[in-house]
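Okay, so here's the structure we're looking at.
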Amino acid sequence: MSELSGTVALVTGASSGIGEATARTLAAAGATVALVARRKDRLDALAQEIGGGALAIEADITDRSQADAAVAQTVSQLGRLDILVNNAGVMLLGPIEEAPIDEWDRMLEINLRAALSMTKAALPHLLSAADSDPRRVADLINISSTAGRQVKKGSAVYNLTKHGLGAFSESFRQEFSRRHLRVGVVEPGAVVSELRDHLRDGVREANLQRLEQMEPLQPQDVADAVLFIVTRPRHQTINELLVRPTEQDD
């Protein structure tokens, strides 16, 4: 029997990059996966590829009502929720003085508020799964970044959102650990993804140049970290997992 047979996982930002790789990986381990993102065409293609009852849900989870509806649809159609992966996020870098404030708002909405909305909506279902077969444990996985462990100029609000996600996760751990609802924070270093597509001119080129100076992580590397966390035995929790490219020196 596969490690996650009989479980249901919901992955946000599942239409590309880390989210897409994570959805594939959890499905391969036996989970039925709900795929949540705004690009329905990509979700439909991924759901067909994954099979196994994968559910494509088009939603803008910065809208709390849509976040609530995505969780409700998952539980209604798939029967339960054992694993929530808060992966959706944006990385809008650049000096504070030059940064458009709407970029800050966007990071706060997606990186923090959307994750909080999804977590709140999923909480009763995760607790129910933690108290029932087949695993008698449930998992909340928050995809953070090395930016949640260190602060660098040019990433002030991105740092803010990722440090905030880490702080929320630690408080969550303290509140729910004895109820076997685990929380794991994955902190990737430089990863090949679409995050850089949203950077402003000038900032994008500098970031890509930095990426070219190393062999970066692939989305599958991060997906493997997620799978490692959620397949630990019931008595064990991996609360933080930092994954950097070997050549990344910051």
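The values are calculated or read from the model by the stated rules, or taken from the named source; none is laboratory data. Keep in mind the model is a prediction, meaning the values are calculated, not measured. Cβ coordinates were reconstructed from backbone atoms using ideal geometry, including for glycine residues, and neighbour counts include every protein chain displayed.
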Looking only at region 114-132, which residues are surrounded by fewer than 18 Cβ atoms within 10 Å (Cβ to Cβ), assigned to a helix (DSSP H, G or I) and not polar (S, T, N, Q)? Leu116, Lys120, Pro124, Leu127
If Ala69 satisfies every condition in (1) closer than 20 Å to Ser145 by Cα; (2) out of contact with any Gly (no Cβ under 9 Å at 6 or more places or on another chain); (3) of a type in the set (A, V, I, L, M) but one, which is the exception? (1)
Count, please, the residues in region 68-112 that happen to be crowded, with 17+ Cβ neighbours inside 10 Å, among the small types (Gly, Ala, Ser) and touching a residue at least 60 places away in the same chain (Cβ under 8 Å). 4
Pair list, Cβ < 9 Å and 6+ apart or interchain, from region 113-132 residues that are in contact (Cβ under 8 Å) with a residue 60 or more places away in the chain to residues that are of a type in the set (Lys, Arg): Ala114/Arg64; Ala129/Arg80; Ala129/Arg135; Ala129/Arg136
Exactly one of Ala37, Ala23 is at pLDDT 95 or above and out of contact with any Gly (no Cβ under 8 Å at 6 or more places or on another chain), and that one is Ala23
On the given criteria, is Ala56 over 16 Å from Ala21 (Cβ atoms), buried (at least 20 other Cβ atoms within 10 Å of the Cβ), without any contact (Cβ under 8 Å) to a residue 24 or more places away in the chain and in contact with a strand residue (DSSP E or B) (Cβ under 8 Å, 6 or more places away or on another chain)? yes
Name every residue in region 144-160 that is closer than 19 Å to Arg106 by Cβ and either surrounded by fewer than 18 Cβ atoms within 10 Å (Cβ to Cβ) or in contact (Cβ under 8 Å) with a residue 60 or more places away in the chain (or both), in order of residue number. Gly154, Ser155, Ala156, Val157, Tyr158
Would you say Arg64 is closer than 16 Å to Ser15 by Cβ and either surrounded by fewer than 17 Cβ atoms within 10 Å (Cβ to Cβ) or without any contact (Cβ under 8 Å) to a residue 24 or more places away in the chain (or both)? no
So which helices (runs of 4 or more DSSP H) are wholly in region 138-236 and hold at least 3 residues that are within 29 Å of Leu81 (Cβ to Cβ) and at pLDDT 95 or above? 156-176, 219-230
